[in-house]
Amino acid sequence: MRWRPLIVAVCLCPLQLAGLRAAETTPEQMVSMLASLHPDYGAYISSVRYGPTRLHPATLYAGLVRSGGLDPRDPDHAPATGRGATNVLIIYADMFEPWRSQGWRLLIADHEYFHARHLARGFDIPLAGFGVRRADTAYREALAWAWVLSRSLQGIYGPLSDRERSEVSSRYTEHYEAFFEFVSERQASAWAHYGRFLPGPESLIRQASSAPTAATPPPAGPATR
Ligand SMILES: [Zn+2]
């Protein structure tokens, strides 16, 4: 999961430091959240570990690495891909701000699950590479945010704050638009293929909002194998 650096708030007053400590996230908590959402998570995520520091890097709150890897930003630690691939989820103690809801924490756990399963070809969705790093990132992030946006609108994570609801929509829109722009410039006709997996943000919100129950699969989200 990659974030823009500017969203990292800095306030070092003692009260907030105490709050941050109280809200530390542990690998055990992340495992518990993953297991509650997906009993099969272990088929794609072999373990959850802390990164090398307690504080997350400025542009990253969590990420996948290959077995033995430690830093999601290091290309040498890039996650394994292909059918049956498993990867390690790297988290940081301060990855969730103290004000984040439990629903948001579950949403982020699910986001990482999606990435891991997609990399392992566990969905019927192309694991495409475009030879351009920003396009690859936009494609994979758009898919993962579409997944969690759809499931959040169905209530699978429980309540999110207004700020969080708005954030998940804007994350999807941001990556969707970046990828749409890339495809439009390179080969607009290819959208007939990729657009099947990436509904327009407005239509996704509309469709997911009308889903009758939380048990209904995402209307335009990724299909399972
Ligand atoms: Zn992500």
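The values are calculated or read from the model by the stated rules, or taken from the named source; none is laboratory data. The structure presented is a predicted model; accordingly, all values stated were derived computationally and were not measured. In this analysis, Cβ positions are derived from the backbone assuming ideal geometry, glycine residues included, and neighbour counts consider all displayed protein chains.
In table form, for the structure just shown:
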{"quantity": "Qualifying residues in segment 1-37 (those that are within 16 Å of the ligand (Cβ to nearest atom) and in a loop (DSSP other than H, G, I, E, B)) - the one modelled with the highest pLDDT", "calculated": "Met1"}
{"quantity": "Matching residues in segment 150-164 - criterion: being in a helix (DSSP H, G or I) and farther than 21 Å from Phe197 by Cα", "calculated": "Asp162, Arg163, Glu164"}
{"quantity": "Positions within segment 113-135 being within 29 Å of Ser184 (Cβ to Cβ) and within 12 Å of the ligand (Cβ to nearest atom), in sequence order", "calculated": "Phe114, His115, His118, Leu119"}
{"quantity": "In segment 106-128, the residues that are surrounded by fewer than 18 Cβ atoms within 10 Å (Cβ to Cβ) and either within 14 Å of the chain's Cα centre (by Cα) or among the acidic types (Asp, Glu) (or both)", "calculated": "Asp124"}
{"quantity": "Residues of segment 156-204 classified as farther than 15 Å from Leu107 by Cβ and either of a type in the set (Phe, Trp, Tyr) or surrounded by fewer than 18 Cβ atoms within 10 Å (Cβ to Cβ) (or both), total", "calculated": "25"}
{"quantity": "Qualifying residue in segment 81-104 (condition: assigned to a helix (DSSP H, G or I) and either free of Cβ contacts under 8 Å to residues at least 40 places away in the same chain or within 15 Å of the ligand (Cβ to nearest atom) (or both))", "calculated": "yes"}
{"quantity": "Arg54 vs. criteria farther than 22 Å from Phe182 by Cβ, assigned to a loop (DSSP other than H, G, I, E, B) and away from the ligand (no atom under 15 Å from the Cβ)", "calculated": "yes"}
{"quantity": "Test: Thr173 is within 15 Å of the ligand (Cβ to nearest atom), of a type in the set (Ser, Thr, Tyr), closer than 26 Å to Tyr44 by Cα and assigned to a helix (DSSP H, G or I)", "calculated": "no"}
